[in-house]
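Worksheet: one structure, shown below.
The values are calculated or read from the model by the stated rules, or taken from the named source; none is laboratory data. Model, not experiment: these values are computed from the prediction. When we count neighbours, we look across all protein chains shown, and the Cβ atoms used for this are built from the backbone with ideal geometry, even at glycine.
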């Protein structure tokens, strides 16, 4: 079954404590990307990757890091989380014209 | 200027009618356009993509693109209650490969 798997699904943590949200896909897709979704602001792209070792900033990259060492994995790293990063996060993968085709189930982060 | 705009709705359509969802974008050189459906509490699902001017049909869904007017729309024929969801328009920018989403239109199909 084609899947994009995010972990954890829910996390409550405190300001400044480094965290990583993992994302893995089993479809051999070149393209992967991260989004955050906030009420009234919609879905906004954080980072995307066209292939291994190739990453680019999306619309709202500040405060986030990513890496793409393997094709299947694209972790999102918050080195020093702050309350304004409290949000619902989605990872997605795709091929074709590199659009996001398949989304993970989402990770709800609360930074206190 | 907002880059991708959608009417937030809610758009209420009787069951069996045609639902028409609209989206405008600011980057004139954009080449790729996508429609996603998102049920409450769920992740977005890609339902249509379109690259060329004109219509593209897939089952009950038709995407329409007019690059001169910077306008893309989604028509849902024979609307069903299960079509009630938020529909997100997304555009891949020409200047880079960023994907910009509209804020979505809430669609409510009235039984």
The residue that is nearest to the chain's Cα centre (by Cα), considering only those in region A:88-107 that are more than 7 Å from chain B (Cβ to nearest Cβ), touching a residue at least 60 places away in the same chain (Cβ under 8 Å) and over 12 Å from residue A:36 (Cα atoms), is A:93
Which of the residues belonging to region A:45-67 are surrounded by fewer than 20 Cβ atoms within 10 Å (Cβ to Cβ) and either more than 14 Å from chain B (Cβ to nearest Cβ) or free of Cβ contacts under 8 Å to residues at least 12 places away in the same chain (or both)? A:52, A:53, A:56, A:57, A:62, A:63, A:65, A:67
Conditions (1) buried (at least 19 other Cβ atoms within 10 Å of the Cβ); (2) closer than 14 Å to residue B:92 by Cα; (3) more than 15 Å from the chain's Cα centre (by Cα); number of the one not met by residue B:36: (3)
Counting only residues in region A:30-42 that are at pLDDT 95 or above and farther than 14 Å from residue B:97 by Cα, the one surrounded by the most Cβ atoms within 10 Å (Cβ to Cβ) is identified as A:35
All conditions in (1) under 15 Å from the mean Cα position of the chain (by Cα); (2) over 27 Å from residue B:95 (Cα atoms); (3) assigned to a strand (DSSP E or B) are true of residue A:81 except (3)
